[in-house]
Structures are given as structure tokens and as C-alpha cells.
Amino acid sequence: MELQSMKQKEVERRGFTFNPKEGIDNPALVVGDDPEPQGLGPRLCHLKRLEGQTFGFVLWSVQGGRVRDVEPWSPAQRGGLRDQDRVLEVNEEFVHNVVRRIQSCGLHLVLLVLRRDQYEEVVSMGLDLQALARSSKGAGWSRPRLCHVGRHPELGLGMTVAPLQGPRGRFTVDTVAGGAAEEAGVLSGDRLIWIDGVPASALTQSTLNRTVKRGVASVTVLVIDGEGESCSARRRTPVLPAAAQCRGLPHAARTMRLVKGRDGYGFLLRQEKLAASKRTVHVLREVDEGSPAEAMGMRDGDLLLAVNGAPVEALEHDHIVQEIRRSGDRVSLTSMSMSGRDFYRQVSRSPPRARGVGTRPHLLPVSSSAVGYFSPVVPRGAGPG
């Protein structure tokens, strides 16, 4: 609560207004409307959407991902994405399954793209797309790290925070050799971007010291080394948790591969509205004793995140039920506890991919040509499945 109130006061004091191009991590970072790079150089597009909102484009999955139908005033258009762009990287990673990675990326999306004519020229020259993407980052590039640090009963978190010279709101981390922070992946000299979801730039030195020294059981920090921070500044890209390497994050999702029994799978799927956030969620309920669902470890009250690997949180209840039925006698369900989902919302990142238990399911058919991202329909209300 203290961090959130301090963040609000700092934002109000500076008179800062959120700019979609700046991201959430460094209000001082401004992405200008520079002209597009010439030659074969790819460009970065940073997209940010709200809960329940889509990014506003259609992606064709043939040949790595071709952008189509960028909607006016959408996060895609504001982020600089254009029709016929070709996607090389998603959140600073070169991936082959572009569609699935975008579906599970959360609220922030950083795409490295080529114009259509650039892409065709690169292919005709026989150049390596992955090497081209890597070279575009420049010297000193490194990925940020999202580290969960548990407090040692005697040595504490094993780190201290100090201000950097220059503009206010920049901090560096010093770690104790062999301490909790170092074991979690934090290194001495790292730049602290945010702590427990709150940007370090919005906090004072005294607030950070109290957060590190007080008796909290754990903290989650987003850090990057000094060269990586400088490289991000040169590229005019925010340091985002969506692009970070995860180190020791709690609350793993689990994937259950169910085979239908004589009486079905043995659970109910309910659509419920959370009192605090007013969000609509899909909850696994009434797991029958001795059922396939119980055998695979399904827990009453967990949230359903995906069906056969496809995210379903933004779908209507009836749509999800249809997808499960369409799967036949085998289905794969990915779930997470309510507290775990809240944690990943706080750190602005989708839950990591889960390891599955049970029999491999028949996957839902996915079009090999086009995958659309359309505006979700508002649910009609909570009710039994």
C-alpha cells in the first residue's frame, strides 16, 4: 500500500501524463516519432492495451507472421504497426510460433518488424532473419531480468539500493555475495527498474530502503545491467517485464490433460465476477471425487487460463464450453490459483508456460493461414456452467 500511494503522489507531483509509447517502467523515456530506418533495418513497435481490449490487428501465420487489418486508433496503429509488416521478434525473442506467443503476451507487446519490401529483399538475398534481428539491437544489448527474491531469516534480501548520479529516480543495486538476491538472479551494479510492480522512478530513496529492509517475506524486482539500460535508451525502448527473463517466479500454472470418463470430466466451469476488481473470470468448481479432473490434480477455485493451449480468459463462457466439447474425449486445461493470477497481473506479465500432467490431448484445429484478434464480447453475467 505504501508503494502504491508513493507512486501516485510522485506522479501527481511531476504532473506526469501517461503516454502509450513510454510504457510503464520509465516515465522519463520518450519514444519520438523518428523517420523509419532506411535500408534493411527492422523497426520496433511497442503496443500497450487495456484489460479486455485487443491489440487491433490480424496476423497471418504463414512465413513467420504477416500483419493485416490494423484498426484505426488501436494500440497497433499507435505503436507504429502497419499493414503488410512482417514480424521477426515478439518481446525481444525470435520465435517461430508468432501467433501463440502474441496470444499469451499480456498487456504489453514489443514487435520487431520489417516492411513487406524489406522482408522480400532480405529473403531474396538469402540473409538470416534471426541474425538480422540480433544485429539490429546493437552493442551491449541484454534482456532485463524479473527476479523473485525471498527473504533469508538471518541475512534478509541480500541487497541494498543506492541512487545513481544524474536525473532523479534512477537506482542501482548492490548484492551480498551468496545472498538471496544474488541467488535469485540480481547482480551488483544492476539498474533497478521497478519493485513489486511499482516503477523505481516514482519512489524515493527512503521508501526503497524501507521496502528492502522491512520484514516482508519477498519482493519481485525488474533489473537490467548498465549496458543493457544504455542500449534500451539508444533504441528508445522501455524496459518491460514482458521482455524479461524470469528468475524464480512463484505461482506456476499447471496443465491438466484429461480423458473423459463415463460421467464426463467431473467438474463444473463457472463464470464469476470478482467483487474487488469487477473482472469476470472463469473458475473451476465442484471437482467430483474419483473423477478424471481430481486424478489430474484439479483444484476447486482455480482460474481457467487456456484450453488446449489457446488462451480463453477474454472469451465468453459459452465459447469456452464449446471449445471443450469440440475437443472430444480428451482435453488439455491450463489453470492457476487466484492469488497466482493476481501476482502476474501485478508484474504486468502473462503466467509462464506450464508443464502438463496426464495424457496428450487432441489439439483444437487452428487455421494455418489467418488468426484474427477481434474485440471480445462483454459477458452477460455470472452463472453456472
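Assorted remarks:
- Residues satisfying the stated conditions in segment 160-184, i.e. at pLDDT 90 or above, open to solvent by less than 20 Å² (accessible area, probe 1.4 Å) and part of a loop (DSSP other than H, G, I, E, B): GLY179, ALA184
- Residues located in segment 87-122, provided they are closer than 10 Å to PRO42 by Cβ and either open to solvent by 20 Å² or more (accessible area, probe 1.4 Å) or touching a Ser or Thr at 6+ places or on another chain (Cβ under 6 Å) (or both): ARG115, TYR119
- Scanning segment 231-278 for residues that are in a strand (DSSP E or B), without any contact (Cβ under 8 Å) to a residue 60 or more places away in the chain and either out of contact with any helix residue (DSSP H, G or I) (no Cβ under 7 Å at 6 or more places or on another chain) or under 22 Å from GLY80 (Cα atoms) (or both) yields one hit, GLY264.
- The set of residues in segment 51-101 being on the phi > 0 side of the Ramachandran plot and not in a loop (DSSP other than H, G, I, E, B) consists of GLN63, GLY64.
- Considering segment 59-81, the residues that are touching a strand residue (DSSP E or B) at 6+ places or on another chain (Cβ under 7 Å) and open to solvent by 20 Å² or more (accessible area, probe 1.4 Å) include one that is modelled with the lowest pLDDT, namely GLY64.
The values are calculated or read from the model by the stated rules, or taken from the named source; none is laboratory data. Keep in mind that this is a model prediction, so the values were computed, not measured. Glycine also receives a Cβ, built like all others from the backbone with ideal geometry; neighbour counts cover every protein chain displayed. Only protein heavy atoms, including side chains, enter the accessible area calculation; ligands, DNA and RNA are left aside. Shrake-Rupley method; radii C 1.70, N 1.55, O 1.52, S 1.80 Å.
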